[in-house]
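The values are calculated or read from the model by the stated rules, or taken from the named source; none is laboratory data. This is a predicted model, so every value here is computed, not measured. Cβ atoms come from the backbone with ideal geometry, glycine included; neighbour counts cover every protein chain shown. Quick note on the areas: whole protein, heavy atoms, side chains included, nothing else; ligands and nucleic acids left out. Shrake-Rupley method; radii C 1.70, N 1.55, O 1.52, S 1.80 Å.
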Amino acid sequence: MLLGLAVVGSLPAAAQTPPPSRAAAVAPPAAPAGESIRVLLTPDRETTLASPIPGRIRSLNTSLGSSFGAGQVLIGLECDEPNARLRIAKAELASAVEQLDAKKRMQALQQAGDVEINLALSAAEKARAQVALQQAQVSQCSITAPWSGRTAKVHVRSHMSVTAGQPLVDLVKAGPLKLRLNAPSRWLGHLKTGLAFEVAIEETGKRYPAKVSAVNSRVDSVSQTVELEATLAGNYPELLPGMSGTAVFPPR
């Protein structure tokens, strides 16, 4: 019997220690071919005009769905009192300017000093500021459109009394509409500004070309989606804000 001999053999495969390996890079998943996501059409700009001052509506020059141009007067408020205050301010300014001119003539004759001239000058500047203030208040009697567009909702009626800050009309800007959609965050590796796709609108039954214009810098942690903005490749009069459909991205 042999003793003290070491038995040399190979270890089982499970007991062998594998050599260290480097982690393999994982490519971002591509957008699935033909996968679609919901889309909502929104105007490029929209706003609600409110009354800057209390008063009664004298003229209502817009209605639901009507078009308007930039700077067009949409609503006129009764402005008798502000106009009266403006006339008073202009009269006081004229009086102050006349007194200033008189003081300057008296100074030339050595009958008025510098103090009197400075007081008359201050009075004229104060009156001029009052005129500017009253003119600003008169301008608030006319509610004008900030840009060209259409009226989406009218909150008031003609001859109705309104308070300061009360909503008057909702406006949407004319021009190409924007698309808002939420794409899966796993697409971020392929979602770039300028990416072209098609959008199928349910109300018209047609497809329209579009492209991504903005990608949100934050992912929604609950839905694991990222918000996108897109623009249509053209202006389509049959499309209206609020329409919806699906965006179909090309295969990758």
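Numbers below:
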quantity: Yes/no for residue 112 being without any contact (Cβ under 8 Å) to a residue 60 or more places away in the chain, open to solvent by less than 70 Å² (accessible area, probe 1.4 Å) and over 47 Å from the mean Cα position of the chain (by Cα); calculated: yes
quantity: Among (1) in contact with a Leu (Cβ under 9 Å, 6 or more places away or on another chain); (2) open to solvent by 80 Å² or more (accessible area, probe 1.4 Å) - the single one residue 236 does not satisfy; calculated: (2)
quantity: Unmet requirement for residue 218, which otherwise passes all of (1) touching a residue at least 12 places away in the same chain (Cβ under 8 Å); (2) in a strand (DSSP E or B); (3) surrounded by fewer than 17 Cβ atoms within 10 Å (Cβ to Cβ); (4) not acidic (Asp, Glu); calculated: (1)
quantity: Qualifying residue in the stretch 109-120 (condition: in contact with an Asp or Glu (Cβ under 6 Å, 6 or more places away or on another chain) and not assigned by the TED database to the domain that holds residue 242); calculated: no
quantity: Set 223, 213: member being of a type in the set (Ser, Thr, Tyr), at negative phi, touching a Ser or Thr at 6+ places or on another chain (Cβ under 6 Å) and surrounded by fewer than 17 Cβ atoms within 10 Å (Cβ to Cβ); calculated: 213
quantity: Hits in the stretch 55-72 - residues which are of a type in the set (Ser, Thr, Tyr), part of a strand (DSSP E or B) and open to solvent by less than 70 Å² (accessible area, probe 1.4 Å); calculated: 59
quantity: Verdict on residue 189 being modelled with pLDDT under 90 and surrounded by fewer than 15 Cβ atoms within 10 Å (Cβ to Cβ); calculated: yes
quantity: Filter result for residue 48 (modelled with pLDDT of 95 or more and among the hydroxyl-bearing types (Ser, Thr, Tyr)); calculated: yes
quantity: Residues that are surrounded by 13 or more Cβ atoms within 10 Å (Cβ to Cβ) and in contact with a Pro (Cβ under 6 Å, 6 or more places away or on another chain), drawn from the stretch 142-172; calculated: 155, 172
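Here is a yes/no grid of residues against (1) in a loop (DSSP other than H, G, I, E, B); (2) among the hydroxyl-bearing types (Ser, Thr, Tyr); (3) modelled with pLDDT of 90 or more; (4) not assigned by the TED database to the domain that holds residue 147:
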| position | (1), (2), (3), (4) |
| --- | --- |
| 20 | yes, no, no, yes |
| 23 | yes, no, no, yes |
| 27 | yes, no, no, yes |
| 30 | yes, no, no, yes |
| 34 | yes, no, no, yes |
| 41 | no, no, yes, yes |
| 53 | yes, no, yes, no |
| 74 | no, no, yes, no |
| 81 | no, no, yes, no |
